[in-house]
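**Student:** Structure below; questions to follow.
Every number in this text was worked out from the coordinates using simple rules, so none of it is lab data. As the structure is a computational prediction, the values presented were derived from the model and not from experiment. Because the Cβ atoms are built from the backbone with ideal geometry, glycine has one as well, and the counts that use them run over all protein chains shown.
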Amino acid sequence: MRKLVVTAISFAPGGISQTVSVAWGTEDSLACLRAVGAVHGDGVDMVALRSDIRVLLIDDQTLVREGLEMHISAEPSMEVVASVENCGDAIRLLRGDPPDIVLIEADIPCCDAMVTIGKFRDRWSGLRVVLMVTTLRDVLVSRAQSIAVDAIVTKYDSFSMVRSAILGAMQDRRVYSPLIWSRLGHSNTPGSRWPKTDTGPPKLTRREIEVLCRLAAGRTVKQTAEALGLAAPTIDNHKSRIMKKLDIHTGIELTRYAIREGVVTP
């Protein structure tokens, strides 16, 4: 038995009135129509049926994950279809039915959330993504921008912020925590998008982030080139652009930046 959001729209003189109720049942349209009739009585001219927003939850912290699952399940228009603690378990879900949206922690140990998001989107086109972050970092924000994450919230936000992010993402709107907008030097206004000014963090491309990860982890230019299937001069060019964007002048400073931003661990 799944929750179904049943919207009854009545046409009355002077305009359209809309009433929303929740019925428990199968997706059999006749049963749903009867449910609406039982709740609203006569005068229902049109009925729209919509299944719950199917949420996949990925977070390594059990307390956080169970708390989110409890809150999301209590929402009349949402249901948690799976709740897992690591990216490996999440990837194995690719063989199942697609969710509508993925709510994923950005800093799960031994897991690249951005790569996982990419794999899900390759399998399920149209998938929405809400990224949860604990520590705001320039590189993290830049990577989120580069893969067009639909929403970003922090673990300092209330559930109402998470709820707004899920609903907004499902309506093709960008929704970000006020803490994110504050870091970017931009106000969280309706219809807002990532700022086009230079007040935010330096935006690295996906390739530049890949190069930065390997160089900061101690790989040589040659090793990085071989790993990425590129020529060594190309890696040198990427390295120069990265350092220019970050206003960094030595390899040591680049490594320190990568450690501070959580790109690599010391």
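**Student:** Nearest 20 debye, what's the magnitude of the dipole of segment 53-184 about its Cα centre given +1 on Lys and Arg Cβ and -1 on Asp and Glu Cβ? Working shown, then result.
**Tutor:** Numbers: 15 positive and 18 negative charges, 83 e Å.
Roughly 400 debye for segment 53-184.
**Student:** Now for a different question. Counting Lys and Arg as +1 and Asp and Glu as -1, what is the net charge of the other residues whose Cβ lies under 9 Å from the Cβ of Ser83?
**Tutor:** Local charge sum for Ser83: -3.
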